[in-house]
Number of protein chains: 2
Amino acid sequence: MATGDPLRVGILVFDGAEELDVAGPYEVLTAWAQRSALRPSVLTFSPDGNGVRCAKGLRIVPDRGIDDIGPLHVLVYPGGEGTRALAADEEHLAWLRRVRATTPLVTSVCTGARVLAAAGLLAGRPATTYWDAFDDIARIDPSVLLDTEARFVDDGDVVTAAGVSAGIDMALHLVARLESPAVARVVRRAIQYDPAPPV
Amino acid sequence: MATGDPLRVGILVFDGAEELDVAGPYEVLTAWAQRSALRPSVLTFSPDGNGVRCAKGLRIVPDRGIDDIGPLHVLVYPGGEGTRALAADEEHLAWLRRVRATTPLVTSVCTGARVLAAAGLLAGRPATTYWDAFDDIARIDPSVLLDTEARFVDDGDVVTAAGVSAGIDMALHLVARLESPAVARVVRRAIQYDPAPPV
């Protein structure tokens, strides 16, 4: 894309996407958009542009569809039970490979890595995923160098996060990397992200 | 409600609700519903039953409206810019007072406390809210005993959380309280909630 194009972030939503996999990065990245000198735009899009029913039942109406999302700088691929079908959908995998070729930064949350692996995007690369999906990823592509401890793995043009809530941490990392740690700290403050799990 | 009724949780959504205020508790409580002996049902509802546009632009289609949500055991009231209008809407405040009288547990996330305060539900009680909203709550109801340090405040039949991401912690607390800490730990594991803010 030409220099000066606004930074475009697309978050894929689909039937069976895990709610927090979507909403965690969405919250972080839209909070960033409101505060960033880079003026990123953050859009949701679904395969066919229609509304989706997420894994736990939440219904989301996306901004766009695959056919009209346009070129992206950053793709966020959430996880959820719906990734099982998408990882077996050859047409979708072909789309993802095409997107990969033109998108500087491809990211996944949780079992979104299942689809990246099925498309061959993680071959020979370090990556992470949901704690319950390591075996599945290894079966799909034994060459993936799975990191079972990391909250997220930044391998340059591909960044993968651990399960569900890890998408929040990954998205803050993306803000730090794409703009600055100082701005990421402002975003962290905006969402009052001082986590204190009570159990 | 009669003994034996399934435990019913309602999460209010509205125009200008903050995305993660909604999705954090939704994720925790629906993950709980899938694993709980109490078999809770978790539903979203909007004032008029129609779809809403959240604070950062995410569009959600709720399960129900105020008129057909039915009796609840737990109400979750998220925050977001939309709470400014709702806190000034006398009809909505009257509805909230009626709900309060029949709902054993009323909870808020972030600036959802603004609406609870405007309805008089926090009078003389300890409570918390978003870090940037303490002055506003004190102006609405000076009798609220604001806790500016807590991640959430459990005052028995009213539980209030700090800003945005604090709804995740509060919801885990609700699971621990309504069922058990052991089940809450299972839910925490399910959403891989081992937060590690990178900045």
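If you go through segment A:135-156 and keep only what is of a type in the set (Val, Ile, Thr) and in a strand (DSSP E or B), you end up with just A:Val153. All conditions but one from (1) out of contact with any strand residue (DSSP E or B) (no Cβ under 6 Å at 6 or more places or on another chain); (2) of a type in the set (A, V, I, L, M); (3) more than 16 Å from A:Asp21 (Cβ to Cβ) apply to A:Ala87; the one that does not is (3).
Condition (residue is touching an Asp or Glu at 6+ places or on another chain (Cβ under 6 Å) and either of a type outside the set (Gly, Ala, Ser) or at pLDDT 95 or above (or both)) applied to segment B:170-185: is it met by at least one residue? No, because not a single residue in segment B:170-185 is touching an Asp or Glu at 6+ places or on another chain (Cβ under 6 Å) and either of a type outside the set (Gly, Ala, Ser) or at pLDDT 95 or above (or both).
Conditions tested, residue by residue: (1) within 11 Å of chain A (Cβ to nearest Cβ); (2) touching a Cys at 6+ places or on another chain (Cβ under 7 Å); (3) touching a residue at least 24 places away in the same chain (Cβ under 8 Å); (4) within 20 Å of A:Arg188 (Cβ to Cβ).
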| position | (1), (2), (3), (4) |
| --- | --- |
| B:Ser143 | no, no, no, no |
| B:Leu146 | no, no, no, no |
| B:Gly163 | yes, yes, yes, yes |
| B:Met170 | yes, no, yes, yes |
| B:Asp194 | yes, no, no, yes |
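Apart from one condition, A:Ala55 fits all of (1) away from chain B (no Cβ under 14 Å); (2) more than 30 Å from A:Arg185 (Cα to Cα); (3) free of Cβ contacts under 8 Å to residues at least 60 places away in the same chain; the exception is (1).
Of everything in segment B:155-198 that is surrounded by fewer than 18 Cβ atoms within 10 Å (Cβ to Cβ) and charged (D, E, K, R), the residue that is nearest to A:Pro195 (Cα to Cα) is B:Asp194. The number of residues in segment B:172-184 that are free of Cβ contacts under 8 Å to residues at least 60 places away in the same chain and more than 7 Å from chain A (Cβ to nearest Cβ) comes to 3. All conditions in (1) in a strand (DSSP E or B); (2) surrounded by 24 or more Cβ atoms within 10 Å (Cβ to Cβ); (3) within 13 Å of chain B (Cβ to nearest Cβ) hold for A:Leu43, with the sole exception of (2).
Against the conditions (1) in contact with a strand residue (DSSP E or B) (Cβ under 7 Å, 6 or more places away or on another chain); (2) not in a loop (DSSP other than H, G, I, E, B), A:Val28 satisfies every one except (1). Number of residues in segment B:74-94 that are over 12 Å from B:Phe14 (Cβ atoms) and without any contact (Cβ under 8 Å) to a residue 40 or more places away in the chain: the value is 5. When the residues of segment A:58-73 are filtered to those that are surrounded by fewer than 22 Cβ atoms within 10 Å (Cβ to Cβ) and either of a type in the set (A, V, I, L, M, F, W, C) or touching a residue at least 60 places away in the same chain (Cβ under 8 Å) (or both), the one that is nearest to the other protein chains (Cβ to nearest Cβ) is A:Val61.
Right, B:Glu81: closer than 22 Å to B:Asp154 by Cα, out of contact with any Ser or Thr (no Cβ under 6 Å at 6 or more places or on another chain), at pLDDT 95 or above and among the acidic types (Asp, Glu) or not? Criteria not met by B:Glu81.
Residues considered: B:Arg114, B:Arg125, B:Arg64. Of these, the only one that is touching a strand residue (DSSP E or B) at 6+ places or on another chain (Cβ under 8 Å) and either among the β-branched types (Val, Ile, Thr) or over 22 Å from B:Val42 (Cβ atoms) (or both) is B:Arg125. When every residue of segment B:124-131 is checked against the conditions, at least one turns out to be within 30 Å of A:Ala182 (Cα to Cα) and surrounded by fewer than 24 Cβ atoms within 10 Å (Cβ to Cβ).
Looking at this structure, is A:Leu121 part of a loop (DSSP other than H, G, I, E, B), under 16 Å from the mean Cα position of the chain (by Cα) and modelled with pLDDT of 95 or more? Criteria met by A:Leu121. Tell me, please, whether a residue that is within 13 Å of the chain's Cα centre (by Cα) and more than 23 Å from B:Pro181 (Cα to Cα) can be found in segment B:88-96. Yes, some residue in segment B:88-96 is within 13 Å of the chain's Cα centre (by Cα) and more than 23 Å from B:Pro181 (Cα to Cα). When A:Val159, A:Val187 are checked against the criterion of being more than 8 Å from every other protein chain (Cβ to nearest Cβ) and part of a strand (DSSP E or B), a single residue qualifies: A:Val159.
The condition (being among the acidic types (Asp, Glu), farther than 23 Å from A:Ile11 by Cβ, assigned to a loop (DSSP other than H, G, I, E, B) and modelled with pLDDT of 95 or more) is satisfied by just one residue among B:Asp48, B:Asp67: B:Asp48.
The values are calculated or read from the model by the stated rules, or taken from the named source; none is laboratory data. Here the structure is a predicted model, which means the values were calculated and not measured. Every residue, glycine among them, receives a Cβ derived from its backbone with ideal geometry; neighbour counts consider all protein chains shown.
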